[in-house]
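The values are calculated or read from the model by the stated rules, or taken from the named source; none is laboratory data. Remember, it's a predicted structure, so these values are computed and weren't measured experimentally. Using ideal geometry, Cβ is built from the backbone for each residue, glycine included, and neighbour counts are taken over all protein chains shown.
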Amino acid sequence: MNLEEIISNQSSRIQRLESELSIYQKRCEQYMQAYDSLQHQLKELSRHRFGKRSERFVDDPENPQLSLLQNNASLFATTEAASETMETEIQVPAHSRKKKPKSNKELPRRIVIIPLAEEKKHCPCGAGKEVIRYEPKESIHYQPCILEILEQRREVAVCPRGCDDSIVTAPVPLHILPKVKATEEFLSFLVVSKLEDRQPLYHLQKQLSQRHGIDCSRQTMAH
């Protein structure tokens, strides 16, 4: 192989390598553009998914945003004048709130007398204390097919001779929720109806109000 053939072969090889290099460079540029585009999309998705969001003002050509440093007194004056004319023309009816009618249905009442202990009915002076009054407490009591007002009356006794500090009251019976005006049976009825029977609170409220005349709100039952 002479020198001319070697030179021609090398020149053709150089041209081929240059063409391949240009192709690879173009591919590399395309890959870089695709990579940048994917990075931008990933950042936008991350910002939209995890970034902070705020309400931004959208420019409206019909209602442009007022400039902070511009004197807008004339614009405010025209706006106030227009609002005054609107106030003279428009009449808004007074708001009236509907009052919820209360049921007058009377429930049967059962009175339970809570007596004092025998040892507390004896005064230190030797006389027996007399019951003078009761401490009443009304609770809604529930039994299957029975819904009534359970009134507890705790005995209050005093010495008939008028001894000092002789007034004693029967203790309050233990209760799971002392400040709630409902017996344990009524509370268990609400729990079973809500959890076991899957009845919504508005249905229970309607049932108690229409059938038994008890005004018990959903907030009270939920608490």
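Within segment 195-223, residues that are on the phi > 0 side of the Ramachandran plot sit with their Cβ atoms under 7 Å from residues that are in a loop (DSSP other than H, G, I, E, B) and surrounded by 11 or more Cβ atoms within 10 Å (Cβ to Cβ), at 6+ positions apart or across chains, in these pairs: G213/S103; G213/K105; G213/L107. Scanning segment 211-223 for residues that are surrounded by 14 or more Cβ atoms within 10 Å (Cβ to Cβ) and either closer than 15 Å to H141 by Cα or in contact with a Lys or Arg (Cβ under 7 Å, 6 or more places away or on another chain) (or both) yields H212, G213, I214, C216, M221.
Taking the condition modelled with pLDDT under 90 and crowded, with 16+ Cβ neighbours inside 10 Å, does K105 pass?
no
Would you be able to say whether some residue in segment 193-209 is over 25 Å from the mean Cα position of the chain (by Cα), in a loop (DSSP other than H, G, I, E, B) and over 21 Å from L107 (Cβ atoms)? No: zero hits.
Only residues that are hydrophobic (A, V, I, L, M, F, W, C), farther than 25 Å from H223 by Cβ, out of contact with any helix residue (DSSP H, G or I) (no Cβ under 7 Å at 6 or more places or on another chain) and crowded, with 16+ Cβ neighbours inside 10 Å: list them for segment 147-172, please. Within segment 147-172, V156, V158, C159, A170 meet the criteria. Within segment 133-146, is even one residue modelled with pLDDT of 85 or more, surrounded by fewer than 16 Cβ atoms within 10 Å (Cβ to Cβ) and over 30 Å from Q205 (Cα atoms)? Among the residues of segment 133-146, at least one is modelled with pLDDT of 85 or more, surrounded by fewer than 16 Cβ atoms within 10 Å (Cβ to Cβ) and over 30 Å from Q205 (Cα atoms), which makes the answer yes. Take the conditions under 25 Å from I114 (Cβ atoms), of a type outside the set (S, T, N, Q) and either buried (at least 17 other Cβ atoms within 10 Å of the Cβ) or modelled with pLDDT of 85 or more (or both) and apply them to L208. Does it pass? In short, no.
Results for (1) loosely packed, with under 14 Cβ neighbours inside 10 Å; (2) among the charged types (D, E, K, R), shown as yes or no for each residue.
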| position | (1), (2) |
| --- | --- |
| L174 | yes, no |
| K179 | yes, yes |
| S188 | yes, no |
| K194 | no, yes |
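Could you count how many residues in segment 164-192 are hydrophobic (A, V, I, L, M, F, W, C) and more than 19 Å from L107 (Cα to Cα)? Adding up the residues that qualify gives 9.
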